[in-house]
Amino acid sequence: MKAEEILYDGCRQMGILITDKQIEKMMEFKKIVLDWNKKMNLTSIKNERDFIIKHLLDSISCLTIDEVKNEQKIIDIGTGAGFPSIPLKILLPETELTLLDSSSKKIGFLEEVCRSLGLEKIEAIHGRAEELGQNRDYRECYDLVLARAVAPMNVLVEYCLPFLKVEGHFVCQKGPRLEEEIKTAKIAIDTLGGEVKYIEKISLPFEDLDHKILVIEKVNSSPTKYPRKVGKPTKKPM
Ligand code: SAM
């Protein structure tokens with residue numbers, strides 16, 4: 001099967017419509033990531049088929065969540081090479097997207113991606129979630145926060161929940177041990193104003209992988225002391 005067909009068929013299996021133009025953009029994104037990956041460390045997945053399934057389709061699987069919609073203000077914390085948000089932005093062009101990563105090289109890479117793909121209403125910021133979460137231009141400004149493979153849940157909610165407006169949602173992609181992580185993070189979730197809404201089990205097309213997506217709703221404002229200073233959430237998780 002050709003790369004384009006795997007992508008089209010994978011989307012269809014998840015009930016997601018993708019146009020030829022969007023497939024073209026996804027392929028261009030794949031090419032840029034794999035080209036840049038030769039000179040900097042963006043991903044360990046170099047095989048085309050795996051890239052489409054484990055990066056593109058895995059990112060796109062967030063669209064099976066009702067809380068992920070067009071015309072939202074979204075931030076992707078620790079986006080790395082742009083997962084999950086660049087594939088989502090291609091499918092939801094009317095979203096207003098902030099990409100955040102603590103690696104300046106990755107932000108340079110993402111700026112090039114945005115230029116090459118002609119993406120609009122998007123900004124890439126080099127910084128730490130602990131700092132930006134205390135900046136009033138970003139704090140409690142977003143409808144949706146995304147994060148994939150960034151930190152354990154008890155740390156991650158301190159990074160992510162301060163960015164959400166009350167009634168906004170945190171959509172987080174995790175592996176099979178999610179329920180245990182939620183137990184450990186219960187105090188942090190409550191303290192930061194979150195409430196676990198539901199867990200969605202994701203069957204990735206063409207793969208036998210157990211993925212889960214957690215949806216947390218922000219029901220109360222986050223206390224101003226959170227997020228704590230850089231490094232504190234990981235050294236002393238709540
Ligand atoms: N989300 C991407 C993915 O799923 O492929 C990247 C995952 S990578 C394992 C984690 C990324 O989070 C790295 O690019 C790292 O620089 C970034 N990161 C880690 N801690 C961070 C923090 N406190 N603030 C901002 N970015 C952070």
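What follows is calculated from the coordinates using simple rules that are stated; it is not laboratory data. For clarity, every value in this text was computed on a predicted model and none was experimentally measured. Because the Cβ atoms are built from the backbone with ideal geometry, glycine has one as well, and the counts that use them run over all protein chains shown.
Out of all Cα-Cα pairs in the chain, roughly what percent, to the nearest whole number, are more than 30 Å apart? Percent of Cα pairs beyond 30 Å in the chain: 21.
Please work out the C-alpha center-to-center distance from the stretch 41-111 to the stretch 148-219 and express it in whole Å. When both Cα centres are located, 17 Å separates them.
Could you work out the relative contact order of the chain? I mean the mean sequence separation of Cα pairs under 8 Å and 6+ apart, divided by the number of residues, in percent.
Values: 436 pairs, mean separation 40.8, N = 238.
That works out to 17 percent.
Karplus-based coupling profile of the stretch 100-113, in residue order and whole Hz: 10, 8, 7, 9, 5, 4, 5, 5, x, 4, 5, 5, 5, 4, with θ = phi - 60° in 6.51 cos²θ - 1.76 cosθ + 1.60 and x standing for Gly or Pro. For the stretch 1-114, the square roots of the Cα gyration tensor eigenvalues, ordered a ≥ b ≥ c, give a/c of at least 1.5 with a/b no greater than b/c, which places it in the oblate category. Give me the log10 of I(q) over I(0) for the stretch 160-231 at q = 0.21 Å⁻¹, as the Debye formula computes it from C-alpha points; what are the numbers? For the stretch 160-231, the Cα-only Debye profile gives -0.91. Would you please state which residues of the stretch 69-99 a label at ASN47 would reach in this model, taking the label point 7 Å out along Cα→Cβ and a backbone N cut-off of under 18 Å? The answer is none.
Each residue of the stretch 116-127 is assigned a 3J(HN,Hα), and the resulting list reads 4, 8, x, 7, 10, 6, 8, 9, 10, 10, 8, x Hz, derived from the Karplus form 6.51 cos²θ - 1.76 cosθ + 1.60 (θ = phi - 60°), x at Gly and Pro. About its Cα centre, the dipole of the chain is roughly 940 debye, where the only charges are +1 on Lys and Arg Cβ and -1 on Asp and Glu Cβ.
For the stretch 190-230, what value does the Rg/Rh ratio take when both radii are computed over Cα atoms and Rh is the Kirkwood radius, given to two decimals? Present the calculation step by step, with values, prior to reporting the outcome.
Working: Rg = 15.3 Å, Rh = 12.6 Å.
So for the stretch 190-230, dividing Rg by the Kirkwood Rh gives 1.21.
Karplus-derived 3J(HN,Hα) values for the stretch 159-172, using 6.51 cos²θ - 1.76 cosθ + 1.60 with θ = phi - 60°, are 5, 9, 4, x, 6, 7, 5, 5, 6, x, 10, 9, 10, 10 Hz; glycine and proline are entered as x. Remark on LYS197: its backbone amide H falls under 5 Å from those of VAL215, ILE216, GLU217, a criterion applied only to residues 5 or more positions apart or on other chains, H modelled at 1.01 Å from N. Where only DSSP H runs of four or more residues are counted, the chain gives -9000 deg cm²/dmol as its mean residue ellipticity at 222 nm, each run worth -39500 (n - 2.57). Over all pairs of different C-alpha atoms in the stretch 118-238, the reciprocal of the mean inverse distance, the Kirkwood hydrodynamic radius, equals 14.8 Å.
Show me the ranking of peptides 179-189, 147-157 by mean Cβ neighbours inside 10 Å, starting with the highest. Don't skip to the end; give the middle numbers.
Working: 179-189: 15.5, 147-157: 21.6.
Going from most to least packed, we get 147-157, 179-189.
In the chain, the longest principal axis of the Cα atoms and the axis of helix 20-36 are about 80 degrees apart.
Filter the cross-link list LYS2/LYS106; LYS201/LYS225; LYS212/LYS232; LYS69/LYS106; LYS89/LYS174 down to pairs whose alpha-carbon distance in this structure exceeds 22 Å. The answer is LYS2/LYS106; LYS201/LYS225; LYS212/LYS232; LYS69/LYS106.
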